[in-house]
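Data first, discussion second: the structure below is written as structure tokens.
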Amino acid sequence: EAGVTQFPSHSVIEKGQTVTLRCDPISGHDNLYWYRRVMGKEIKFLLHFVKESKQDESGMPNNRFLAERTGGTYSTLKVQPAELEDSGVYFCASRGTTFETQYFGPGTRLLVL
Amino acid sequence: SQQGEEDPQALSIQEGENATMNCSYKTSINNLQWYRQNSGRGLVHLILIRSNEREKHSGRLRVTLDTSKKSSSLLITASRAADTASYFCATPPKGTSYGKLTFGQGTILTVHP
């Protein structure tokens, strides 16, 4: 069974540009989460999808971040326009409905210059 | 104050030695999970312990949970160089077994060959 995959693995962009991160969850997992780790700080929750619906987006830092989950399958996280403080590692995780464990992808390392 | 604080922040040991990491949390929990992140890679789920469990084993890993002290420990026995990684504890929201995870800052473990 394939795990959670994320694309790209790395992205280097300039301040003001737009970046779109993609996450493909484990097949059949209705729950999809986005987290990020800014340099030197803890991993923080961004938002949670159940199928295509946003269940909890309390961790989204501001309206420059837009997450979507088309058809309840893969998800994208767009940052527009990117700021320096958006640099960090963005993780995606998925979870089956009746299971407690979240399975994480390898992350996307974003560097905003 | 944050849920899930690991101690120590960094640990350096020789191969073959045991490594113990501690995690404290603030609110009551239904479960506590430990994750590992190798350099440049994603988070790997290690073990989940529920609030009604006191100890759990998985291979060379031993996790304990003391709900009266709101703390957990992760013991890695007979450590190997490949165990070098950051280790995080994470908890779901109070009163639930699912949902967004709150992570601590992690313990950086270095195992010298």
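The values are calculated or read from the model by the stated rules, or taken from the named source; none is laboratory data. Just so it is clear, the model here is predicted, and its values are computed rather than measured. Counting neighbours? That spans all protein chains shown, and the Cβs are built from the backbone with ideal geometry, glycine included. We work out accessible area using only protein heavy atoms, side chains counted, and drop any ligands, DNA or RNA first. Shrake-Rupley method; radii C 1.70, N 1.55, O 1.52, S 1.80 Å.
So here's what we get for this one:
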| read-out | value |
| --- | --- |
| Rounded D (µm²/s) - chain B, Kirkwood Rh over Cα pairs, Stokes-Einstein at 25 °C, 0.890 mPa s | 176 µm²/s |
| Pairwise label distance in nanometres, B:SER97 with A:ALA2, each label 7 Å out on the Cα-Cβ vector | 3.0 nm |
| Per-pair calculated FRET efficiency, R0 = 25 Å: A:LYS15 and A:SER58 via Cβ, rounded to 0.05 | 0.45 |
| q = 0.11, 0.18 Å⁻¹, the protein assembly as shown: log10 I(q)/I(0) [Debye, one scatterer per Cα] | -0.54, -1.33 |
| Relative contact order (%) - criterion: Cα under 8 Å, at least six apart; region: chain A | 37 percent |
| Computed lengthening from A:GLU100 to A:VAL50, 0.36 nm per intervening residue step minus Cα-Cα distance | 16.6 nm |
| Violating pairs (Cα-Cα greater than 28 angstrom) within the set A:LYS78/B:LYS56; A:LYS41/B:LYS70; A:LYS51/B:LYS56; A:LYS15/B:LYS26; A:LYS41/B:LYS69 | A:LYS78/B:LYS56; A:LYS51/B:LYS56; A:LYS15/B:LYS26 |
| Heavy-atom accessible surface of segment A:5-112: percent carbon and sulfur, 1.4 Å | 51 percent |
| Total accessible area lost when B and A pair, probe 1.4 Å, Å² to nearest 100 | 1800 Å² |
| Inter-site label distance for B:GLU17 and A:GLU85 at 7 Å from Cα along Cβ, in nm | 3.9 nm |
| Probe 1.4 Å, accessible area per residue of the protein assembly as shown, Å² | 48 Å² |
